[in-house]
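Down below is the structure, laid out as structure tokens.
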Amino acid sequence: MPAPHEKLAESLTALQALQKSGRRVIQSNELSRVDRERLLENGFLQEVMKGWLISSSPGARDGDSTPWYASFWEFCARYCHQRFGDAWHLSPEQSLLLLAENTVIPKQVVVYSPKGTNHNIDLLVGTSLYDLKADLPDATALTERDGLRLFSQPATLVRMPESFFGRQPIETQVVLAGLRDASDLLRFLLAGGNSAKAGVLAGALRRIGRPEFADEIVKVMSAAGYDVREKDPFEVAQTFSAVLPATTPIVGRMRTMWKSMRNAVVENFPDAPGLPQDRRAYLGFVDDIYTSDAYHSLSIEGYSVTPELIARVQQGNWNPEHHHDDRRSRDALAARGYWQAFQQVKETVSEIISGTNPGARACATHMDWYRELFQPCVAAGIIPAAALAGYRNDTVYLRTSRYVPPRWEAVRDAMPELFDLLENETHSGVRAVLGHWLFGYIHPYPDGNGRMARFLMNAMLASGGYPWTVIRVEDRNAYLSALDRASIDMDIAPFTAFVADRVRWSLEHSRSKV
């Protein structure tokens, strides 16, 4: 008779066959009852609803939302295809959010279908799916992306409620800016005789700096006999200061977020001291704060490090050749990597306080920071050498957060744009706050993004003469909550206040040293 571990191995083999190509959502009838129950009992599967399961991990903590958020959109696509065939699509609002690279997992997704029953289906972690009974639009109004049936870019704009423009100004602007010309919009406007929406779209396009499209909509609709009254749907405080050219959605999104959040940082950040007169003293303070910074930054990421371990690494007493614990210990390897990366960041800071453009310098050196951060783990054989190649080539998820970083394909456009924004920014506080947040928002690496974001923050703080600022492990919950507010609600105020408070503390405690 097979042993229990052999039986579990057989069930895992059956599950593995279904998980090809990254699949995470399983229908109950795809596994035998014995395999299904065994995998559920051992934590390899989690039930979403009757008949539907998702891949999980035995090591997942109670209440961990990551397996569900990682499976959410795949579940929606598979469930809707199984129930409605091709006769379904997401709401215009959700379509627009996805087209604009808004990757936040919604609390409720609305699905339109002639087979809908106007029923809300409760799912995991407080999410739900509402199936709304509705006729299907013409096929030309729909597109498909990752198995999800969406309204196309022009169709979703025409069907969007006017109030949505003011509620989601960033996403709406990104999709408007991505239009190549006005003709596709006009086809839907003329087919529906929608003169009121034509006026709203003309006003929105003029507001974001695309008057030629606005004029074309008004002229063509008027020529067809419609009375178009132009109306700006955005709120007065929602200003867009420059023309946003048609570009990839992630780049348009980043530019729009930067512009919309910048003033909140400028108004609430302490005045910059200016580049230090005594650069040696400034760098001496950076050296002095290393132990505290390493302890707190590594502890935030869950490493069990002590001041003694950090001091041993700092003093050169870390010896993987002769000490087995140093060679294999996750904590010791992380501490050594942090020390090596810190030295690289300090060199960057030295150049920045000498007058080098901070964004350009960080762009040129951040790969060096990352390489040093993980070189000890590669040398010890803990992670493969390919991990040092650069940006991720897979999807990542943040534990317990509804925010999902951009698709890995978008990272290649997002990172150059981040450094362009930093290079062209004139306010050092904006560079520090938005640079840190956007780095984490993009999450360009498989691991180490939090440490890299804090390194970037301090390099940008140096460009204004602010002292190196430590984010404490005891503030971890407030810190992560503020980052979530920025990424999910587009509210940068809590994170600005958080960083500004820590910077003020650093200013008070560094005046005698810098």
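Structural remarks
- Any hit, region 268-278, residues being modelled with pLDDT of 95 or more, touching a helix residue (DSSP H, G or I) at 6+ places or on another chain (Cβ under 7 Å), surrounded by fewer than 17 Cβ atoms within 10 Å (Cβ to Cβ) and not in a loop (DSSP other than H, G, I, E, B): yes
- Among the residues of region 186-199, the one identified as assigned to a helix (DSSP H, G or I) and either of a type in the set (S, T, N, Q) or within 30 Å of the chain's Cα centre (by Cα) (or both) is Ser195.
- Listed conditions (1) among the charged types (D, E, K, R); (2) touching a His at 6+ places or on another chain (Cβ under 9 Å); (3) without any contact (Cβ under 8 Å) to a residue 24 or more places away in the chain are all met by Asp215, apart from (2).
- Of all residues in region 33-60, exactly one satisfies the criterion of being assigned to a loop (DSSP other than H, G, I, E, B), in contact (Cβ under 8 Å) with a residue 24 or more places away in the chain and over 18 Å from Lys7 (Cα atoms), namely Gly51.
- The lone criterion from (1) among the aliphatic types (A, V, I, L, M); (2) more than 21 Å from Lys259 (Cβ to Cβ); (3) buried (at least 17 other Cβ atoms within 10 Å of the Cβ) left unmet by Leu418 is number (2).
- Candidates in region 61-98 are the residues that are in a loop (DSSP other than H, G, I, E, B) and under 26 Å from the mean Cα position of the chain (by Cα); of these, the one that is surrounded by the fewest Cβ atoms within 10 Å (Cβ to Cβ) is Asp62.
- Residue match in region 357-373 (condition: assigned by TED's automatic domain parsing to the domain that holds Pro276, over 26 Å from the mean Cα position of the chain (by Cα), among the aliphatic types (A, V, I, L, M) and buried (at least 17 other Cβ atoms within 10 Å of the Cβ)): no
- Restricting region 491-514 to residues that are among the aliphatic types (A, V, I, L, M) and modelled with pLDDT of 95 or more leaves a set whose member that is nearest to Leu275 (Cα to Cα) is Val503.
- Verdict on Ala191 being surrounded by fewer than 21 Cβ atoms within 10 Å (Cβ to Cβ), at pLDDT 95 or above and over 22 Å from Arg167 (Cβ atoms): no
- Looking only at residues in region 1-53 that are among the basic types (Lys, Arg) and over 29 Å from the mean Cα position of the chain (by Cα), the one that is nearest to Trp68 (Cα to Cα) is Lys50.
- Some residue of region 293-300 being within 20 Å of Phe374 (Cβ to Cβ), at pLDDT 90 or above and surrounded by fewer than 18 Cβ atoms within 10 Å (Cβ to Cβ): yes
- Filter pass, Gly209 being farther than 13 Å from Arg159 by Cα and assigned to a helix (DSSP H, G or I): no
- Only one of Val251, Val236, Val265, Val200 that is touching a Ser or Thr at 6+ places or on another chain (Cβ under 6 Å) and either β-branched (Val, Ile, Thr) or buried (at least 19 other Cβ atoms within 10 Å of the Cβ) (or both): Val265
- So Thr348, is it polar (S, T, N, Q), at pLDDT below 95, crowded, with 19+ Cβ neighbours inside 10 Å and in a helix (DSSP H, G or I): no
The values are calculated or read from the model by the stated rules, or taken from the named source; none is laboratory data. Bear in mind the structure is a predicted one, so any value in this text is a computation, not a measurement. In this analysis, Cβ positions are derived from the backbone assuming ideal geometry, glycine residues included, and neighbour counts consider all displayed protein chains.
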